[in-house]
Amino acid sequence: MNAIATTAMNRQDFEHALRDKGRFYHIHHPYHKAMYGGQCTPEQIRGWVANRYYYQINIPRKDAAIMANCPDAGVRRMWLQRILDHDGHDGDEGGIEAWLCLAEAVGLTRDEVIDQRHVLPGVRFAVDAYLNFARRATWQEAACSSLTELFAPEIHQSRLDSWPQHYPWIEETGYSYFRKRLSEARRDVEHGLTITLDHFTSQADQARALDILQFKLDILWSMLDALTMAYMHQTPPYHSVTDQQVWHRGL
Ligand SMILES: O=C(O)c1cc(C(=O)O)c2c(n1)C(=O)C(=O)c1cc(C(=O)O)[nH]c1-2
């Protein structure tokens, strides 16, 4: 007989179960491993940066959706900082601009990134799933879905540690985004974790929170699967029909 948990975990065990999901973080995806292992071509790095731009520009929209669903002014006041981090404010250019600097540092033009010509359908659909979830879920569920950030400082640090040595052709100015996120992600996750631990208290709630976190892990992993098809196997969408990038750029 399978042992099915019928009682809720205490706070500490629940946090441990959430953190244990790090086993499925995209840091373990072969595309990421190749990136910090120094095995990527400039085209593969550029493909990742151009596609991840679509994630970057949707993060503040996702956070605005969470705020729109949240009646608690105290939570909104704290959550607002995430939007400012990405969109920028007086004295801070913001994460999206920093991502565009990264794009230029790896040899992309701003135009080709901003017009989303390289964004693969699989990446777009995965990112859209995240935004749409935040729109329709409760604000606590959507906050929980941001908890992959528990594992993000390590992945940003791994890029800062390995990229300059493996990819000397990348301009140093490009790395400010990763540096910026080290502290921002730690602060965000403290808040997101408190909300999750406070809100998901029954056994059923906790199982739901773990499912939500898995959903988010699936999004990140699926983005890299799409990139693998296009940039590792040279099989982008419609490759058997044309060598043109005929896919749509968002409707
Ligand atoms: O580079 C990465 O691997 C990575 C992953 C994640 C993540 O785990 O969702 C985020 C970020 N970066 C990031 O830079 C970022 O601003 C961010 C916000 C969020 C979120 O869910 O609200 N995730 C992430």
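The values are calculated or read from the model by the stated rules, or taken from the named source; none is laboratory data. Note that this is a predicted model, so its numbers are computed, not measured. When we count neighbours, we look across all protein chains shown, and the Cβ atoms used for this are built from the backbone with ideal geometry, even at glycine. Side chains included, ligands, DNA and RNA excluded: accessible areas come from the protein's heavy atoms. Shrake-Rupley method; radii C 1.70, N 1.55, O 1.52, S 1.80 Å.
Some notes on this structure:
- Chain lengthening between D161 and T201 when straightened (0.36 nm per residue, less Cα-Cα): 10.6 nm
- Positive minus negative residues near C40 (Lys, Arg vs Asp, Glu; Cβ under 14 Å): +3
- Charge dipole (Cα centre; +1 on Lys/Arg Cβ, -1 on Asp/Glu Cβ; no other charges) of segment 184-241 amounts to roughly 120 debye.
- Ranking S146, S158, S222 from most to least accessible surface, computed with a 1.4 Å probe over the protein chains only, gives S222, S158, S146.
- Which of V113, F151, A8, positive extreme of dipole for the chain (C-beta unit charges): A8
- Applying both filters, DSSP loop and at most 16 other Cβ atoms within 10 Å, to the trypsin sites (Lys or Arg not before Pro) of segment 116-160 gives R117.
- Positive-pole candidate from A230, Q214, Q165, dipole of the chain, charges at beta carbon: Q214
- Highest GNM mean-square fluctuation among A226, A34, A134, for the chain modelled with Cα contacts below 10 Å: A34.
- Carbon-plus-sulfur accessible fraction, segment 88-145 (probe radius 1.4 Å, protein heavy atoms only): 50%.
- Between the C-alpha center of segment 104-143 and that of segment 1-61 there is a gap of 15 Å.
- Accessible area per residue for segment 104-251, computed on protein heavy atoms with a 1.4 Å probe, is 46 Å².
- Reachable lysines from K180, criterion Cα separation under 23 angstrom, eight or more residues apart if same chain: K33, K62, K216
- Accessible surface of segment 23-74, 1.4 Å probe, proportion on carbon and sulfur as whole %: 56
- The Cβ shell under 13 Å around A65 holds other residues with a net charge of +3, Lys and Arg each +1, Asp and Glu each -1.
- Charge dipole magnitude, Cβ of K and R +1, D and E -1 - the chain, Cα centre, debye nearest 20: 420
- Loop-resident trypsin sites (Lys or Arg not before Pro) (DSSP state other than H, G, I, E or B) in segment 207-251 with no more than 13 further Cβ atoms inside 10 Å of their Cβ: R249.
- Listed residue (Y175, P60, G22) projecting farthest to the positive dipole end of the chain, Cβ model: G22
- Only helices enter this figure: runs of n ≥ 4 DSSP H residues, each worth -39500 (n - 2.57), summed and divided by the residues of the chain, yield -21000 deg cm²/dmol at 222 nm to the nearest 500.
- Heavy-atom accessible surface of segment 1-60, averaged per residue, reaches 53 Å², computed with a 1.4 Å probe.
- Neighbour-limited loop hits for chymotrypsin sites (Phe, Trp or Tyr not before Pro), segment 148-213 (at most 16 other Cβ within 10 Å; DSSP other than H, G, I, E, B): W169
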